[in-house]
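Here is the structure we will look at.
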Ligand SMILES: [Zn+2]
């Protein structure tokens, strides 16, 4: 156990435990859907979008409603016990 950083006190955590604990996620490439041209990471609010300065690849719920950036995925995957599923494009 490393205790240099207590993730429970991380500024990025709000109430995600209520809806993302144990969620099934897929790695996906952002595509414009419907009338939204960007999404935000559920934790740090990094922006996903089609523009160059935005993130293009991240982890999302199967309905593509919730997005998580690679950094937050890495930091919180143990705490949230996410299951990563393979998808075909
Ligand atoms: Zn993030």
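Looking at (1) within 12 Å of the ligand (Cβ to nearest atom); (2) assigned to a strand (DSSP E or B), find the lone condition where residue 28 falls short.
Among (1) within 12 Å of the ligand (Cβ to nearest atom); (2) assigned to a strand (DSSP E or B), the lone unmet condition for residue 28 is (1).
Checking residue 45 against (1) surrounded by 11 or more Cβ atoms within 10 Å (Cβ to Cβ); (2) part of a loop (DSSP other than H, G, I, E, B); (3) at pLDDT 95 or above, only one condition comes out false. Which one?
(1)
Within the stretch 49-74, take every residue that is more than 10 Å from the ligand (Cβ to nearest atom) and not in a loop (DSSP other than H, G, I, E, B) and give me the one that is surrounded by the fewest Cβ atoms within 10 Å (Cβ to Cβ).
Of all residues in the stretch 49-74, those more than 10 Å from the ligand (Cβ to nearest atom) come to 49-54, 56-57, 60-66.
Now drop any that are not not in a loop (DSSP other than H, G, I, E, B), which leaves 49, 57, 60-61.
Numbers: 49: 16, 57: 11, 60: 20, 61: 18.
The residue in question is 57.
The values are calculated or read from the model by the stated rules, or taken from the named source; none is laboratory data. Everything numeric here is computed off the predicted structure, so don't read it as measured data. When we count neighbours, we look across all protein chains shown, and the Cβ atoms used for this are built from the backbone with ideal geometry, even at glycine.
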